[in-house]
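Have a look at the structure below before the remarks.
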Amino acid sequence: MLKGIVIDESKCDGCGLCVEACHEGALAIVNGKAKMVREDFCDGLGHCLPACPRGAISFIEMCGCETPKIVTPGVSNRSIVFDTVANNVFGPGSGELRQWPVKLKLISAASPIFRGADILLAADCSAFAYSKIHEEMIKGRAVAICCPKFETGLKEKLTEVIKNSDPKSLTVVKMTVPCCSLNKVAHDAIADSGKNIPLKIITLDQRGCLVRVEE
């Protein structure tokens, strides 16, 4: 389920705390009111919500190609974010991804998308190597991607996600290249979390061929 935000202009006093809380730079104060100035920058994590002392911000859910549904009711004179792209969220050529962001380092460990979910942890390059990754691996799963060669702190972040979300399972898609140590990241994170969840390791080669599956 994709999420955007609603800004109730009648409550907004233009204090700017939501702008400071938005790490993506999607919000700004315009004519004394908080406004979404870059809809494409909004990650839907809602860091701006608790920052607002007036309760002027709430979530909307983007349900497929339908008109956005208000999750937290407000009053009239609302600015509905993502309204202009609502009919294009799942247009022709869309895949099975149902969240944003997907980068493990950007994901909030408290994000509800991971709560009780089947999680897919995939190497960044796996989507380019395996052409059927959407229908065979992403479908029905909450997704996190990363590159263990260039990113640090992955085990700690994944541990935090697992602790907070109690996932049903974790599936890892890694490459055969020596630098791809996602299997170790996953094993260590599960151990450190203290949770007992099923783990599947799928290994692909550089041509996108399935090398092995370990459960």
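Please treat every number below as a calculation from the coordinates, not as lab data. The shown structure was predicted, so the numbers you read here are calculated from the model rather than taken from an experiment. Positions of Cβ are backbone-derived with ideal geometry, glycine not excepted, and every protein chain shown enters the neighbour counts.
Among the residues of region 152-165, is any over 15 Å from Ile107 (Cβ atoms) and more than 17 Å from the chain's Cα centre (by Cα)? Working first, answer last.
As a first pass, look at region 152-165 and keep what is over 15 Å from Ile107 (Cβ atoms): 152.
Of the ones still in play, those that are also more than 17 Å from the chain's Cα centre (by Cα) are 152.
Yes, region 152-165 has at least one match.
In region 181-197, is there at least one residue being buried (at least 20 other Cβ atoms within 10 Å of the Cβ) and part of a loop (DSSP other than H, G, I, E, B)?
There is no residue in region 181-197 that is buried (at least 20 other Cβ atoms within 10 Å of the Cβ) and part of a loop (DSSP other than H, G, I, E, B).
Looking only at region 126-157, which residues are surrounded by 18 or more Cβ atoms within 10 Å (Cβ to Cβ) and of a type outside the set (Gly, Ala, Ser)?
Tyr130, Ile133, Met137, Ile138, Arg141, Val143, Ile145, Cys146, Pro148, Leu154, Lys155, Lys157
Any residue that is closer than 19 Å to Cys125 by Cβ, touching a residue at least 24 places away in the same chain (Cβ under 8 Å) and of a type outside the set (D, E, K, R) - is there at least one of those in region 187-196?
Scanning region 187-196 turns up no residue that is closer than 19 Å to Cys125 by Cβ, touching a residue at least 24 places away in the same chain (Cβ under 8 Å) and of a type outside the set (D, E, K, R).
Quick check: is even one residue across region 170-178 over 22 Å from the mean Cα position of the chain (by Cα), surrounded by 15 or more Cβ atoms within 10 Å (Cβ to Cβ), of a type in the set (Ser, Thr, Tyr) and over 17 Å from Ile119 (Cβ atoms)?
Taking every residue of region 170-178 in turn, none turns out to be over 22 Å from the mean Cα position of the chain (by Cα), surrounded by 15 or more Cβ atoms within 10 Å (Cβ to Cβ), of a type in the set (Ser, Thr, Tyr) and over 17 Å from Ile119 (Cβ atoms).
Conditions first: (1) in a loop (DSSP other than H, G, I, E, B); (2) buried (at least 16 other Cβ atoms within 10 Å of the Cβ); (3) out of contact with any Ser or Thr (no Cβ under 6 Å at 6 or more places or on another chain); (4) not β-branched (Val, Ile, Thr). Glu160 passes all but one, so which condition is the exception?
So Glu160 meets the others, but not (1).
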